[in-house]
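To start, the structure itself, in structure tokens.
The values are calculated or read from the model by the stated rules, or taken from the named source; none is laboratory data. All of these numbers come straight from a predicted model, not from anything done at the bench. All Cβ positions, glycine included, derive from the backbone under ideal geometry; neighbour counts span all protein chains shown.
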């Protein structure tokens, strides 16, 4: 979305129309080997408790990956490491082949193309639904630009399109705080999508949703695979079965099993972890 | 492109303030620029239409406070950053301009020396280096803006980068203004110690006590207040303003959207500090004195009360709050001088308990409008 950007220079129109200006400015995502996320030997401890223990995980470009595991397996901590909220004690985390996530701030990581949806839906409750999307929309993130920013027609179209996609067109001018729980979840997903991230991290996207909402959310997420790489953390097995894709089982901060849902469910170690407690 | 943005800026500045706001500003301008000055200068002293110098001075003073309140509202109401040290920036602006006023006294002081009286009294032989150039008004204007801006920038950079928030930030700003007060109390600091600066004679060659000078200062203050309201209204209505309120409501969400909150906070913080400093510079020639008590922690807390009374996050509420509380103060400190602080504390408790959105919020509720 080049029109959303209001950088005054106006140069580099080829790059701009390709929507690549920011990527070029901040280091290009290099996923030429087909892998978008490399986590290798990641260890994180909290007061002696090992939340992550030599975790190694790769996510391919365009892949839809589900991560499951019992409480305390380290799923959310893994998200925190990827998004820069928590720094690992050891191990490496790379976005593509070149970007070292352990050395970047939360904002830089988000800017580089990793979007995160929190477990509890976090939207700007006092801003309208439209404004929530406007702030999330891919554009120049600097103060100077924000002081003079004006929504272009392209940007309005993009927001309108997203409002329809997440079925909130009717609610555009209402404060986001008045939305239902499920609608907030969607709005947050919409906010992620208009950032045009390469990698989406969704932490329990259907928590607290009705069956109908869950089904529609599954459709929505499945439709993202291919265009984006998506990592979904979820408890709901039915939901994961509906999404398809490869499943990684975490336990005690490390990968226990990886494969299709059937293969993973048949794995005796997984059965033990889930049923043995 | 740059030029196009500049050209759009004026209509957008105008467009940011709603029609009702412009009507109110026009009415304010009529009173402050025309009616009050005319009644003060032209109506004879005995006539019932005459506006006294006292009214002009108190009005000017309250408008200076109103600018400070709007500045605090920008960062507190919209940015969620409660500063309890804004009196410091106000005082720094006042001191910077006060240096110029002191130098303008020339040899008309008590000791009839080239140096300001307090330096003669301390037996200093020459001006300290930081007084150099302060006899030139443009340099003084620069100091009024630059010194508080620099302090705000450096302080803000460290505080915001360390992610100091909420009550911790408020306490540190209190400590900052308190430390500055102690520093300015010292005679060695070179700002007149506990007496500060006073006994001004002239400003830009005109007598500070002449009615015409007072009216000019009053009109300048009114213009500055109006400009502050229009400019801050533009800021909060821009995308910048929406990001600022987003940082207030959910800072981590803003970061995960790819924004770095630091420059946003820093910009709002520094703008706010500079507005306070300009208000301080306008205040000193009208009141005729600046001393370290302006930096006392209580003064800065009072600023926060003005904003809370008027209504946080409304801009115009800050003006109303500053005016109401200060008018009440004028009356109270004359009628029951020893009870003012108790009343102020009570007012703060009542407002936060029963009128969380201040006078403006109450007005909106009575008129049946939706809450802000």
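With respect to (1) within 14 Å of another protein chain (Cβ to nearest Cβ); (2) without any contact (Cβ under 8 Å) to a residue 24 or more places away in the chain, the lone exception for residue B:51 is condition (1).
On the given criteria, is residue B:327 in a helix (DSSP H, G or I) and under 22 Å from the mean Cα position of the chain (by Cα)? Yes: the conditions hold for residue B:327. Checking every residue in the range A:202-217 against the condition of being closer than 22 Å to residue B:238 by Cα, within 14 Å of another protein chain (Cβ to nearest Cβ) and in contact with a strand residue (DSSP E or B) (Cβ under 7 Å, 6 or more places away or on another chain) gives zero matches. For the range B:130-182, the tally of residues that are surrounded by fewer than 13 Cβ atoms within 10 Å (Cβ to Cβ), assigned to a loop (DSSP other than H, G, I, E, B) and on the phi > 0 side of the Ramachandran plot stands at 1. Scanning the range B:5-21 for residues that are surrounded by 11 or more Cβ atoms within 10 Å (Cβ to Cβ), modelled with pLDDT under 85 and either farther than 15 Å from residue B:235 by Cβ or away from every other protein chain (no Cβ under 11 Å) (or both) gives B:5, B:6, B:8.
Within the range A:7-25, is even one residue at pLDDT 70 or above, away from every other protein chain (no Cβ under 14 Å) and either assigned to a loop (DSSP other than H, G, I, E, B) or over 30 Å from residue A:249 (Cβ atoms) (or both)? Among the residues of the range A:7-25, not one is at pLDDT 70 or above, away from every other protein chain (no Cβ under 14 Å) and either assigned to a loop (DSSP other than H, G, I, E, B) or over 30 Å from residue A:249 (Cβ atoms) (or both), which makes the answer no.
Of all the numbered requirements in (1) more than 17 Å from the chain's Cα centre (by Cα); (2) modelled with pLDDT of 85 or more; (3) closer than 18 Å to residue A:187 by Cα, residue A:208 misses one, and that requirement is (2).
The test for being in a helix (DSSP H, G or I) and more than 9 Å from chain B (Cβ to nearest Cβ) holds for residue A:161. Of the residues making up the range B:25-47, those that are farther than 15 Å from residue B:216 by Cβ, part of a helix (DSSP H, G or I) and free of Cβ contacts under 8 Å to residues at least 24 places away in the same chain number 6.
Criterion first (in contact with a helix residue (DSSP H, G or I) (Cβ under 8 Å, 6 or more places away or on another chain) and not in a helix (DSSP H, G or I)) does residue B:314 satisfy it? Taking the combined requirement at face value, the residue satisfies it. For residue B:243, state whether it is without any contact (Cβ under 8 Å) to a residue 60 or more places away in the chain, under 20 Å from residue A:144 (Cα atoms) and over 19 Å from the mean Cα position of the chain (by Cα). So residue B:243 passes the test.
Checking every residue in the range A:88-98 against the condition of being closer than 16 Å to residue A:55 by Cα, assigned to a loop (DSSP other than H, G, I, E, B) and away from chain B (no Cβ under 11 Å) gives at least one match. Of the residues A:76, A:122, the single one that is assigned to a loop (DSSP other than H, G, I, E, B), within 14 Å of chain B (Cβ to nearest Cβ) and closer than 22 Å to residue A:230 by Cα is A:122. Here is the figure for the range B:245-284: residues that are within 19 Å of residue B:148 (Cβ to Cβ), surrounded by fewer than 24 Cβ atoms within 10 Å (Cβ to Cβ) and either within 10 Å of chain A (Cβ to nearest Cβ) or touching a strand residue (DSSP E or B) at 6+ places or on another chain (Cβ under 7 Å) (or both) total 3. Within the range A:175-184, not a single residue is facing another protein chain (nearest Cβ under 9 Å), at pLDDT below 95 and under 19 Å from residue B:254 (Cβ atoms).
Determine whether the range A:100-112 contains at least one residue that is touching a strand residue (DSSP E or B) at 6+ places or on another chain (Cβ under 7 Å), within 11 Å of chain B (Cβ to nearest Cβ) and at negative phi. Yes, because at least one residue in the range A:100-112 is touching a strand residue (DSSP E or B) at 6+ places or on another chain (Cβ under 7 Å), within 11 Å of chain B (Cβ to nearest Cβ) and at negative phi.
Which of the residues that make up the range A:125-147 are in contact (Cβ under 8 Å) with a residue 60 or more places away in the chain and within 9 Å of chain B (Cβ to nearest Cβ)? If the condition is that a residue be in contact (Cβ under 8 Å) with a residue 60 or more places away in the chain and within 9 Å of chain B (Cβ to nearest Cβ), then A:138, A:139, A:145 are the ones that fit.
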